[in-house]
Amino acid sequence: MSNSTFLDDARGLGVRDDIAQLVHETLVRSFRVKNPSVQSDLYKAFGMVDDELDLLVVEVAVGAKLRLPSPTETFGQPAVRTVKDLLLFLNRLPSSAGSI
């Protein structure tokens, strides 16, 4: 899936462009995922484990100037299994202090 198709699919979900771009770039660069799809299962398609998913969330959140959630804020939230889940989760995070 091309970057533009990935971004178009993310826009269709209402996800900010900077978040979608960072997720795509991080999957390709850091996790060596070829042609990530919004519908891909992070665990099955990419072989990720929980620690890698946590690293992905932190890397994208910092890059997009989002405030990282505390463990108490994530308790009871739906599990993140797909790229779509990840995009929607990140899109709900508030901006960090001092960012626009």
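Within the range 33-43, which residues are more than 12 Å from ASP85 (Cα to Cα) and touching a helix residue (DSSP H, G or I) at 6+ places or on another chain (Cβ under 6 Å)?
Of everything in the range 33-43, those that are more than 12 Å from ASP85 (Cα to Cα) and touching a helix residue (DSSP H, G or I) at 6+ places or on another chain (Cβ under 6 Å) turn out to be VAL33, PRO36.
Among the residues of the range 75-100, write down those that are under 14 Å from LEU53 (Cα atoms), of a type in the set (S, T, N, Q) and at pLDDT below 90.
Scanning the range 75-100 gives no hits.
Listed here are the residues, each with its yes/no results for (1) of a type outside the set (Asp, Glu); (2) under 23 Å from GLY12 (Cα atoms); (3) touching a His at 6+ places or on another chain (Cβ under 7 Å).
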| site | (1), (2), (3) |
| --- | --- |
| VAL23 | yes, yes, no |
| VAL28 | yes, yes, no |
| VAL33 | yes, yes, no |
| SER40 | yes, yes, no |
| LYS44 | yes, no, no |
| VAL49 | yes, no, no |
| GLU52 | no, no, no |
| LEU55 | yes, no, no |
| ALA61 | yes, yes, no |
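Let me spell it out: the conditions are (1) in a loop (DSSP other than H, G, I, E, B); (2) out of contact with any strand residue (DSSP E or B) (no Cβ under 9 Å at 6 or more places or on another chain); (3) open to solvent by 30 Å² or more (accessible area, probe 1.4 Å), and VAL62 meets all of them except one. Which number is the exception?
VAL62 satisfies all of (1) in a loop (DSSP other than H, G, I, E, B); (2) out of contact with any strand residue (DSSP E or B) (no Cβ under 9 Å at 6 or more places or on another chain); (3) open to solvent by 30 Å² or more (accessible area, probe 1.4 Å) except (1).
State whether the residues of the range 40-57 include one that is closer than 24 Å to SER95 by Cα, modelled with pLDDT of 90 or more and surrounded by 11 or more Cβ atoms within 10 Å (Cβ to Cβ).
No: the range 40-57 contains no residue that is closer than 24 Å to SER95 by Cα, modelled with pLDDT of 90 or more and surrounded by 11 or more Cβ atoms within 10 Å (Cβ to Cβ).
Return a yes/no flag: does the range 11-32 have any residue that is out of contact with any helix residue (DSSP H, G or I) (no Cβ under 7 Å at 6 or more places or on another chain), part of a loop (DSSP other than H, G, I, E, B), surrounded by fewer than 15 Cβ atoms within 10 Å (Cβ to Cβ) and of a type in the set (D, E, K, R).
yes
Answer yes or no: is there a residue in the range 21-37 that is touching a residue at least 60 places away in the same chain (Cβ under 8 Å) and not hydroxyl-bearing (Ser, Thr, Tyr).
yes
Would the range 59-73 turn up any residue that is farther than 17 Å from PHE6 by Cβ, of a type in the set (Ser, Thr, Tyr) and out of contact with any helix residue (DSSP H, G or I) (no Cβ under 6 Å at 6 or more places or on another chain)?
Yes, that holds for at least one residue.
The values are calculated or read from the model by the stated rules, or taken from the named source; none is laboratory data. Predicted model only: the values in this text are computed from it and were never measured. No Cβ is skipped: glycine too gets one built from the backbone with ideal geometry, and neighbour counts run over all protein chains shown. Just the protein is used for accessible areas: all its heavy atoms, side chains included, with ligands, DNA and RNA removed. Shrake-Rupley method; radii C 1.70, N 1.55, O 1.52, S 1.80 Å.
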